[in-house]
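Worksheet for the structure shown next.
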Amino acid sequence: MQSTTVVRKSSLGSPPLAPLKTDVPPKGTLRLSPRGRKSPLSPLAAHLRRSKPDEPIIGSDNVSPDLSFFDQGVIQGSTGSGYSRLNQNRHNFSNLELGPGTNLRAAANQHFRRCIITGLRKVQPEESEACILLTEALQARRKYMSDNPNVDDDIKYTVTKAKDFRNTIEPDYIQPSCPNERKFPEKSKHKFEMVKGVFQAWNEVEGKGQSKRFKAIPVEVYFEDLIELMEIISHGPCKTFCYNRLRVLEARFQLHLLLNDHLELLQQKDVSHRDFYNVRKIDNHVHHSACMNQKHLLRFIKSTVKKHPCDIVSKKDGKERTLAQLFDDLKLTPYDLSIDTLNMRAEKTFHRFDKFNTKYNPIGQPLLREVFLKQNNYIKGRYLARLTRQVFDDLENNKYQFAEYRISIYGRKKDEWQTLAAWVVDNKLWSKNVCWMIQVPRLYKLWKKLGKVSTFEEMLDNIFRPLFQATVNPGAYPKLSVFLEQVVAFDSVDDESQRERGYYDEMPLAHEWSNPENPPYSMWSYYMYANISVLNKLRKSKEMNTFTYRPHAGEAGDIEHLAATFLVANSINHGILLYHSPVLQYLYYLAQIGLSISPLSNNLLFCKYEDNPFPRFFRRGLNVTLSTDDPLMIHVTKEPLVEEYSVAAQVWKLTSTDLCEIARNSVLQSGFHPKFKTYWVGERYWVPGTLGNDVARTNVPDIRLQYRYELLNEEKAYIEFAKKSAEKQLGLEQDKTVHLQVLPPKIQLPAAKQVSTETCKKSLESVDVDQTLETSQKLEEKRVELNGK
């Protein structure tokens, strides 16, 4: 065995350690190397360790085309004497003397154990082909994301510093002022119009005509990209490559836990005050109408009936009815009410989304739902506002739990926005623990049947025109303008399991869609994204807040739903069907698209808890978090989000580090203001890896985040390397093909201006045609043989 010298050098700027004489283990062995130690077997690992954590890998000029990459085969162990001596003499974390002044965080980052798979081999043609296709898919998504601006990306906020984090000042939450007490900007010169289902906006400058228009990517380009993405998803070599890479990621995470879980725990213990209960956790996916538990709703109904029996709550056939009369018609008293009487727990609803929706009705009565759980009713949502304020108070008392509540805009008429905004503003329904999201149910089929809309374009116009009006002239729509400042995202909801007809080429556009059928999910996704994109460009030009697109996708239905959201969505809710598509799952991992999964909700509808892919997604490194969806029908405790985390921890044996990492993901996926994310996560929370994390705020060890960051960069670097190798090989083959395209010998005619017929005959007779054809045939066979090689 060849002897060599390993230089032990710290990557954190500390003096080099003494050289250690050892033996090089054979190729194909598993080498556990502390960070900063130069490994002669792994040039890629050395390159990644020299790279800065925020340095882009894929598409970067810093990636050398001649790097030696890890073998993708089976990991083998080694028991050689030299390898044993290396393990015995390694200056690792367990040998450190941890005194009172030891920087545990720096020591752990430098010395935690890494698994490096060595052994060089040539990239296979199928792998190169798969990597080229994956790169094309990622570039397509990057095109749509760059065309949808987010004003939060430009905000750099720094918290007020102090010597001790416990004394750091938390950013103040400024409550929105009443519309009558504030001055709105004057009406701008922007104009807008809807063109084939998508709004366009521009700024008219006097004497200069129309300036550049704010437009979205055309629908034809979107469907071309979607069709190409569906081809990539079904590509055989691509499926094999992605499936193997996902299995490697999962296996390496298990090895990471075996080697470093005790180091992660030590780093957590070194953090004062923080544990799972007092790190910020955000419920990214919860519907406002079901945000309370059944016991809370039951107490509220009983209390309201006792204290306000004479409230007029409905009007039927021109006759008003009080709350007491309503319960008399139902032959019920407050004493008769119980959890069983409400009958709102989702039971026996597996694969029955329609039956699940009926559980929103207390005691099975739609009228009670309208009175207590609707904001656009006869009493203008007074009861729902009181109930909502109680839920807000519970969150504020908890301090460390937050929520993004979804409230519906249906698109059946244009005044829905004004009604909703007036309900929120008049009742002052805002809190530092809550952000609002707008969910749009895909109910075109119902509104068409009822005669509310005539085309799909008209429904889109009802949804988005009021937003453009309030953006251009905020003073004319004061309540809506104030409410939009509290909105962070849009959602698209409905039953995904409904059958859809495939259209593509012959599919009519929004302005032509007058069919009684519902447009397919892919069409909904484009028109929601396109209008949000143009609206964001307009609002960003006026320095207003912008919105993200975070729809429901992948709970049921066709895999095409997840392909559409891969292109246009910032993050999604559910996404459990990614388990059935290794290509899409790997793409979601590479792009780090957020997945807000609700296992308890899935358990009641489409996926049993033990079959939920959440733990596998988490081990593989996807950007996943836990959410509640509908606490009213599912959860039984006062803290439904903690209940969701508790069940997941018990069933899937999640550690404290796992739970805190999932909670950190929920903050990053949320739409809360960057100043709060800075305080909750770290001053550079948008930077991947350890530079974007403050363990004193998140309780997530830097070891875990550094491991995630390095693995993601390795995957991107390998894809880029395989892609460049394929392009280089393709270039060589093209050069060979050009040189082998030899033409038959030319017939040399006399140089005279007038050539006689006899001279031409003699020239033709001098050419051996058979020999020329034989030579050409041999050259063609040689070219085919070389191209095959």
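The values are calculated or read from the model by the stated rules, or taken from the named source; none is laboratory data. From a predicted model like this one, the values you see are computed outputs, not experimental measurements. Note: ideal-geometry Cβ built from the backbone for every residue, glycine included; neighbour counts use all protein chains shown. The protein model used for the area step is the full one, side chains on, heavy atoms only, and it has no ligands, DNA or RNA in it. Shrake-Rupley method; radii C 1.70, N 1.55, O 1.52, S 1.80 Å.
Quick notes
- Dipole check for the range 390-516: with +1 at the C-beta of Lys and Arg, -1 at the C-beta of Asp and Glu, and the Cα centre as origin, the magnitude is about 340 Debye.
- Heavy-atom accessible area ranking, 1.4 Å probe, most first, across Y579, Y718: Y579, Y718
- The residue list I227, F276, H287 was ranked by how far each Cα lies along the charge dipole of the range 220-304 toward its positive end, using unit charges on Cβ atoms, and F276 comes out on top.
- Percent RCO, i.e. relative contact order, over the range 533-595, from Cα pairs under 8 Å lying at least 6 residues apart: 29 percent
- Exposure check, 1.4 Å probe, all protein chains in place: R245 carries approximately 20 Å² of accessible surface.
- For the range 301-377, the relative contact order works out to 22 percent when only alpha carbon pairs closer than 8 Å and six or more residues apart are counted.
- Backbone N within the range 422-440 under 20 Å of label point (7 Å from C178 Cα along the Cβ vector): 422-432
- Projecting the Cα atoms of V434, P466, Y410 onto the dipole axis of the range 402-467, where Lys and Arg carry +1 and Asp and Glu carry -1 at the beta carbon, places Y410 farthest toward the positive end.
- In this label model, R213 and E485 are separated by 3.3 nm, measuring between points 7 Å along each Cα→Cβ vector.
- Each Cα pair under 8 Å and six or more residues apart adds its sequence gap; the mean of these over the residue count of the range 426-533 is a relative contact order of 42 percent.
- Distance between the pseudo-spin-label points of H351 and E727 (7 Å out from Cα toward the beta carbon): 4.7 nm.
- Modelled FRET efficiency - R0 22 Å, R299 with N376, Cβ distances, 0.05 increments: 0.35
- Accessible area in the full protein assembly, largest first, 1.4 Å probe, for E204, E555: E204, E555
- For the range 257-391, a crude dipole built from +1 on the beta carbon of Lys and Arg and -1 on the beta carbon of Asp and Glu, taken about the Cα centre, is about 540 debye to the nearest 20.
- Per-residue surface analysis assigns W202 an accessible area of about 20 Å², computed on protein heavy atoms at 1.4 Å probe radius.
- Model label sites at A324 and D415, defined 7 Å from Cα along the beta-carbon direction, differ in position by 3.3 nm.
- Computed with a 1.4 Å probe over protein heavy atoms only, the accessible area of V248 comes to about 30 Å².
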